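Undergrad: Starting off with a structure, shown below.
The values are calculated or read from the model by the stated rules, or taken from the named source; none is laboratory data. If you're wondering where the values come from, they're calculated on a predicted model, not measured in any experiment. Virtual Cβ from ideal backbone geometry, glycine too; neighbours counted across all protein chains shown. Surface accessibility is based on the protein's heavy atoms, side chains included, excluding ligands, DNA and RNA. Shrake-Rupley method; radii C 1.70, N 1.55, O 1.52, S 1.80 Å.
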Amino acid sequence: MQDFSDKWVPTNRVIKWIEDRLPILGLIYSSFIAFRVPRNINYWWTFGAVLLVMLVIQIITGLFLAMGYVPGTATAFDSVVHIDRNVNYGELIRSMHANGASFFFIAAYFHILRGMYYGSYKAPREILWIVGVIMYFIMMGTAFLGYSIVWGQMSAAAATVITSVFKAVPLVGETLYEYAMGGYAVGNPTVIRFYALHFLLPFILVGFTIIHVWALHVVANNNPAGVEIRTRRDTLPFWPYMILKDLVMVGIVLFIYAFVVFFLPRALGHAINYIPADLTVSPDHIAPEWYFGPFFTILRAIDNTMVGIIAMFGAVGILVFMPWLDRSPVKSARYRPVYRFFFLTWVFSALVLGWLATKSTDGSGVFAWIAHIVSGSPVDEGCYKLLAQLATAWYFAFFFPILPIVSLLEKPKPVPASIAEDAVAHLPKVKTPPQAPIVQSQQD
Amino acid sequence: MTDNPHDDNPRRRDFLYIATGVVGAAGVCAGAWPFISALGPDAETIANGAPVDVNLEPIAEGQIAKVLWRGRLVFIRHRTAEEIQKAKDLPVSAQLDPQEDSLRVKEGHEEWLVVFGNCTHLGCVLLGHEGQHGGWSCPCHGSEFDTSGRVTRGPAPSNLPVPDYVFLDGGTSIRIGVSSPDQTV
Ligand code: HEM
Ligand code: FES
């Protein structure tokens with residue numbers, strides 16, 4: 001892409017001396033101050049900044065938790081309770097970390113949905129998109145590991161259920177499982193290595209963040225109109241326009257986050273995780289944290305274990321193929337009413353899947369519904385199971401075959417000729433006739 | 001490399017390149033080995049995984065005892081005459097992974113059923129004396145097992161595995177983790 005940004009010319013002699021040897025300040029200047037963003041991007045573009053802030057919060061609070069946490073089946077749970085009860089502000093720091101994961105995922109979901117709605121996965125942003133999917137996988141792994149190392153009852157259940165994935169691998173499953181667990185079952189070595197990995201992965205995520213931003217700065221931001229930058233007039237500099245907009249959303253999210261951390265610290269968790277892990281009993285009802293809900297329901301909706309596991313990971317993995325499943329040359333769903341309709345039904349199916357994670361889904365679905373309709377028996381586990389299967393089917397059907405078919409058959413509405421034109425068309429309507437300069441003042 | 005005009009002996013060059021690469025790859029493998037091996041069960045875990053002896057005398061008829069062997073949950077079920085009969089009578093059509101009850105217990109000790117206690121679906125701990133056949137049911141996704149530990153309702157795909165074990169002292173105790181009485185380790 002053509003580069004429209006201002007160049008930085010240091011005047012101070014010392015800075016110039018440094019800059020001639022390591023142009024790091026110039027890199028920062030060009031990446032976060034002069035970098036040009038499309039002038040029409042809306043608040044959906046601020047969640048990347050929220051994600052960055054949440055990552056930093058997780059790393060800092062995690063570091064402080066690590067100073068009190070002692071991994072291992074004999075010590076983990078007690079040390080977490082010790083942090084809660086004895087460490088100064090330990091309960092606050094732990095609440096920040098546990099709820100921070102939730103807000104991290106909220107931001108990630110908004111960020112991903114933004115990309116799907118406005119077509120940010122399409123050329124030339126495929127690699128940027130795929131790096132994002134990889135980061136999302138790492139995030140999920142990190143949160144799973146973090147939840148497991150608390151070593152409460154639900155931690156143990158999560159660790160047992162998820163690690164049985166290794167056993168399902170044909171032929172080498174049993175050996176793979178023993179090497180992953182460090183024993184014959186989830187046990188002391190498992191908790192210790194989970195902790196080591198939980199500490200490591202966020203820093204891998206930092207590395208991927210740099211790659212993600214690098215890729216972004218090569219291809220530039222997409223925007224609500226879904227047309228590419230052509231002239232400098234299509235853009236605004238990152239500072240102050242984007243930074244301040246980002247900070248507004250960061251402020252809003254942190255406000256809600258603080259409210260939850262202070263006043264609802266346990267609302268998103270399961271009470272049963274305050275019982276120390278015991279591998280000889282399972283909790284009556286197993287449910288993951290809300291952000292894994294849809295994937296957990298997909299796993300349970302499918303009776304064949306191996307297929308269920310593949311579907312659970314495939315539900316995220318399939319995002320990688322979106323750039324090629326969608327054949328439409330138009331990016332933004334604004335101009336693709338049919339795509340938009342199906343996209344919204346897909347979001348709905350994901351929400352239904354998430355809601356079903358809080359329900360038992362057992363038995364034979366169709367018969368349960370027939371019984372419900374014919375004899376008025378209550379909507380029970382069997383009914384939920386059928387819903388789970390239908391929602392799972394719809395979740396995947398959106399990607400294939402709906403996405404390729406819609407993108408080939410749909411006739412999109414006309415797209416704006418340029419970002420500038422779109423931005424001007426969306427200027428706020430002013431009641432008194434506007435004085436001419438309003439449009440001009442937008443020119444940066 | 002072979003089209004390098006200064007290279008008067010291309011075959012010798014090729015050999016050296018490939019040989020160097022092979023040595024390097026072997027070095028990387030050798031270097032990786034200790035790390036991969038370190039992930040496996042350590043000596044302490046293996047030692048703790050030695051066979052365990054369980055005294056059967058305190059387990060009353062109808063009771064299910066839980067023991068841990070190698071960190072894995074094992075159920076020792078003292079079956080009642082009725083439960084044994086039910087297991088023998090279970091039709092193949094009700095089984096998802098058909099198997100004779102006699103293959104899952106030791107001859108002459110039909111009252112003792114020894115099985116791993118985690119659901120074969122995703123590993124939840126099973127609840128005893130539950131389900132349609134009075135064996136076990138799974139609190140997670142509703143799988144059911146009969147009084148022989150055979151799956152009678154999915155999503156669990158297979159029967160509860162039977163660990164290696166032998167009867168000792170004329171049948172008053174068992175040793176889990178060995179397949180013959182004189183086996184050491
Ligand atoms: C991507 C960033 C991270 C995410 C999503 C994440 C997520 C989580 C979650 C969900 C828990 C369980 C919370 C609970 O129920 O109490 C947890 C616990 C923990 N995390 Fe993290 N974490 C992240 C980064 C870190 C880092 C960088 C460290 C260390 C420097 C760390 C150290 C810990 C410790 C010691 C615990 C156990 C104590 C506790 O439960 O409060 N985490 N993490
Ligand atoms: S773990 Fe038992 S039915 Fe799924």
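Undergrad: Can you give me the Cα centroid spacing of segment A:388-425 and segment A:288-350 in angstrom?
TA: If you average the Cα positions of each part, the centres end up 13 Å apart.
Undergrad: Can you tell me how much longer the chain between A:LEU409 and A:ALA271 gets when fully stretched, taken as 0.36 nm per residue apart minus their C-alpha distance, in nm with one decimal? Let's see the in-between values first.
TA: Numbers: separation 138, 0.36 × 138 = 49.68 nm, distance 5.00 nm.
Gain on stretching A:LEU409 to A:ALA271: 44.7 nm.
Undergrad: Mind checking which lysines have their Cα closer than 20 Å to the Cα of A:LYS331? Skip sequence neighbours fewer than 8 apart in that chain.
TA: A:LYS122, A:LYS411, A:LYS413
Undergrad: State, to one decimal in nm, how far the label point of B:ASP97 lies from the label point of A:PHE208, with both points 7 Å from Cα in the Cβ direction.
TA: Result: 3.4 nm between the two label points.
Undergrad: Another one. Work out the mean other chain Cβ neighbour count within 10 Å for the residues of B:33-41 and drop it here as an integer. Kindly include the intermediate steps, with their values, before the conclusion.
TA: Numbers: counts 0, 0, 0, 1, 1, 2, 7, 8, 8.
The mean count of partner-chain Cβ atoms within 10 Å per residue comes to 3.
Undergrad: Label points 7 Å out from Cα along the Cβ direction at B:GLU111 and A:PHE341: separation in nm?
TA: Distance between label points: 7.0 nm.
Undergrad: Quickly estimate the mean residue ellipticity at 222 nm for chain A, helices only: each DSSP H run with n ≥ 4 gives -39500 (n - 2.57), and the total goes over all residues, rounded to 500. Don't skip to the end; give the middle numbers.
TA: Details: 19 runs with 271 residues, N = 444.
The helix-only estimate for chain A comes to -20000 deg cm²/dmol at 222 nm.
Undergrad: Working with all protein chains in place, sort A:TRP45, A:TRP290 by solvent-accessible area computed with a 1.4 Å probe, largest first.
TA: Of A:TRP45, A:TRP290, the descending order of accessible area is A:TRP290, A:TRP45.
Undergrad: Now a separate question. Report the FRET efficiency, 1/(1 + (r/R0)^6), for A:VAL9 and A:THR358, where r is their Cβ-Cβ distance and R0 is 60 Å, rounded to 0.05.
TA: Details: r = 58 Å, r/R0 = 0.97.
After rounding to 0.05, the efficiency reads 0.55.
Undergrad: What does the charge dipole of the protein assembly as shown about its Cα centre add up to, to the nearest 20 debye, if the Cβ of each Lys and Arg holds +1 and the Cβ of each Asp and Glu holds -1?
TA: On the way: 45 positive and 49 negative charges, 663 e Å.
For the protein assembly as shown, the charge dipole is close to 3180 debye.
Undergrad: I'd like the mean, over residues of A:295-304, of how many other protein chain beta carbons sit within 10 Å of each residue's own Cβ.
TA: Numbers: counts 0, 0, 0, 0, 3, 6, 2, 1, 7, 3.
Neighbouring Cβ atoms belonging to other protein chains average 2 per residue here.
Undergrad: Same structure, new question: Tally Lys/Arg at +1 and Asp/Glu at -1 over every other residue whose Cβ is under 14 Å from the Cβ of B:HIS129; what's the total?
TA: On the way: positive: B:LYS66, B:ARG77, B:ARG79, B:LYS86; negative: B:GLU61, B:GLU82, B:GLU83, B:GLU130, B:GLU144, B:ASP146.
That works out to -2.
Undergrad: Further, regarding this structure: Please work out the C-alpha center-to-center distance from segment A:126-204 to segment B:130-185 and express it in whole Å.
TA: A separation of 28 Å, based on Cα centres.
Undergrad: How would B:CYS119, B:CYS29 line up by accessible area, probe 1.4 Å, largest first?
TA: Numbers: B:CYS119 10, B:CYS29 90 Å².
In descending accessible area the options line up as B:CYS29, B:CYS119.
Undergrad: How would A:VAL131, A:VAL338 line up by accessible area, probe 1.4 Å, largest first? All intermediate terms of the calculation are to be shown ahead of the outcome.
TA: Working: A:VAL131 15, A:VAL338 65 Å².
Sorted descending by solvent-accessible area, the residues read A:VAL338, A:VAL131.
Undergrad: Quick check on chain B: helices-only [θ] at 222 nm, where DSSP H runs of length 4 and up contribute -39,500 (n - 2.57) each and the sum goes over total residues. Nearest 500, please. Kindly include the intermediate steps, with their values, before the conclusion.
TA: On the way: 3 runs with 45 residues, N = 185.
-8000 deg cm²/dmol, from helical runs alone.
Undergrad: On to the next question. Is there a simple number for the mean count of other chain Cβ atoms within 10 Å of the Cβ of residues in A:181-194, and what is it? Show your work: numbers first, answer last.
TA: Values: counts 5, 6, 11, 9, 11, 3, 7, 5, 7, 1, 0, 0, 1, 0.
Partner Cβ neighbours, averaged per residue: 5.
Undergrad: Hey, how many Å between the Cα centroid of segment B:14-89 and the Cα centroid of segment A:21-44?
TA: 54
Undergrad: Quickly work out the A:TRP239-to-A:MET67 label distance, labels modelled 7 Å from Cα along the C-beta direction, and quote it in nm with one decimal.
TA: 3.1
Undergrad: Only loop residues by DSSP count here, and only those with at most 11 other Cβ atoms within 10 Å; note down the chymotrypsin sites (Phe, Trp or Tyr not before Pro) in segment A:55-135 that meet that. Could the numbers behind the result be given before it?
TA: Working: sites: A:PHE64, A:TYR69, A:PHE77, A:TYR89, A:PHE103, A:PHE104, A:PHE105, A:TYR109, A:PHE110, A:TYR117, A:TYR118, A:TYR121, A:TRP129; in loops: A:TYR69, A:TYR89, A:TYR121.
Taking segment A:55-135 and a limit of 11 other Cβ atoms within 10 Å, the loop chymotrypsin sites (Phe, Trp or Tyr not before Pro) found are A:TYR89.
Undergrad: Under a straight-distance cross-link criterion of Cα-Cα below 14 Å, which aspartates and glutamates are reachable from A:LYS7, leaving out those fewer than 8 residues away in the same chain?
TA: A:GLU19
Undergrad: In chain A, with Lys and Arg counted as +1 and Asp and Glu as -1 at Cβ, which of these residues, A:TYR121, A:MET181, A:LEU236, has the Cα nearest the positive end of the dipole, that is, farthest along it?
TA: Value: A:LEU236.
Undergrad: A further question on this structure: Calculate the dipole size of segment B:46-176 relative to its Cα centre from +1 charges on Lys and Arg beta carbons and -1 charges on Asp and Glu beta carbons; express the result in debye to the nearest 20. Show your work: numbers first, answer last.
TA: Details: 12 positive and 17 negative charges, 93 e Å.
The calculated dipole for segment B:46-176 is roughly 440 debye.
Undergrad: Also, I was wondering about something else. Please compute the net charge surrounding A:THR61, taking Lys and Arg as +1 and Asp and Glu as -1 over other residues with Cβ under 14 Å from its Cβ. Please list the in-between numbers first.
TA: Working: positive: A:ARG94; negative: A:ASP84, A:GLU91.
With Lys, Arg at +1 and Asp, Glu at -1, the net is -1.
Undergrad: Continuing with this model, one more query. Which whole-number percent gives the relative contact order of chain B, counting Cα pairs below 8 Å spaced six or more residues apart?
TA: Details: 293 pairs, mean separation 32.5, N = 185.
Taking the mean separation of contacting Cα pairs over the length of chain B, I get 18 percent.
Undergrad: Check cross-link reach from A:LYS385 to the lysines: straight Cα distance under 23 Å, and skip same-chain residues fewer than eight apart.
TA: Hits, sequence-local ones excluded: A:LYS359.
Undergrad: While we're looking at this one, here's another question. What net charge do the residues around A:ALA123 carry, taking every other residue with its C-beta under 13 Å from that of A:ALA123, with Lys and Arg at +1 and Asp and Glu at -1?
TA: On the way: positive: A:LYS122, A:ARG125, A:ARG327, A:LYS331; negative: A:GLU126, A:GLU228, A:ASP326.
Residues near A:ALA123 contribute +1 overall.
Undergrad: At 1.4 Å probe size, with no ligands or nucleic acids counted, give the accessible surface of A:ILE57 in Å², nearest ten.
TA: Surface accessible to solvent at A:ILE57 totals approximately 30 Å².
Undergrad: So what does B:THR120 come to for accessible area, using a 1.4 Å probe and Å² rounded to 10?
TA: The accessible area of B:THR120 comes to roughly 30 Å².
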